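Here is the structure we will look at.
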Amino acid sequence: QAQLKESGGGLVQAGGSLRLSCDASGGTFRGLPVAWFRRRPGEDREFLVSISGRGENTFYADSVKGRFTASRDNAKSTVFLQMDSLMPEDTAVYYCAAGVAYGITAEPAYGFWGQGTQVTVSS
């Protein structure tokens, strides 16, 4: 069974950048679509981006399009989220999740989740 673990979160000033990693272990990761979500304080979890199994396709939510970039290295079983031009409203816990279909924004489509990494953007 695949296990996912996020890393790379932290405190950054507005306008700065962070790169999150999602490392997979314990199962077949290659070929599985992966998505990034986030949960801002007091809000529901929000879909950010889906990346296809080989990384050739990405689908972004409007809220992060043009600022966030997803990529993956299947040889290392790792998916990345490069976050640029960060704003205070990007403060959230960020999660990666693996599913069976690319481009799905709904949480129930993803069977494997990491525990999240905190990103805090100061103004």
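The values are calculated or read from the model by the stated rules, or taken from the named source; none is laboratory data. The structure displayed is predicted, hence computed values, not measured ones. Heads up, the Cβs are rebuilt from the backbone with ideal geometry, glycines too, and the neighbour counts pull from every protein chain shown. Please note that ligands, DNA and RNA were not included when accessible areas were found on the heavy atoms of the full protein model with its side chains. Shrake-Rupley method; radii C 1.70, N 1.55, O 1.52, S 1.80 Å.
Values computed for the structure shown
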item: Qualifying trypsin sites (Lys or Arg not before Pro) for segment 32-102 [loop in DSSP, other Cβ within 10 Å: at most 15]; result: Arg54, Lys65, Arg67
item: For segment 10-98: relative contact order, % (alpha-carbon pairs under 8 angstrom, 6 or more apart); result: 40 percent
item: Binned Cα-Cα distance frequencies in segment 70-123 - 10 Å width, integer %; result: 19, 46, 31, 4
item: Positive-end residue, the chain charge dipole about Cα centroid, Cβ charges, pick of Leu18, Phe47, Ala2; result: Ala2
item: Net charge dipole size for the chain [Lys, Arg +1 and Asp, Glu -1 on Cβ; Debye, nearest 20]; result: 300 debye
item: Hull shadow area, averaged, the chain [alpha-carbon convex hull, nm²]; result: 6.7 nm²
item: Surface accessible to a 1.4 Å probe, Tyr102 within the full protein complex, Å²; result: 90 Å²
item: Whole-number accessible area per residue in Å² for segment 39-92, which is evaluated in the context of all protein chains at 1.4 Å; result: 50 Å²
item: Cleavage-rule hits, GluC sites (Glu not before Pro), segment 11-80, DSSP coil, Cβ neighbours within 10 Å at most 15; result: Glu43, Glu56
item: Carbon and sulfur %, accessible surface of the chain computed with the full protein complex present, 1.4 Å; result: 47 percent
item: Residues whose placed amide H lies under 5 Å from that of Ala2, excluding near-sequence neighbours; result: Thr28
item: Pairwise label distance in nanometres, Gln1 with Met87, each label 7 Å out on the Cα-Cβ vector; result: 3.9 nm
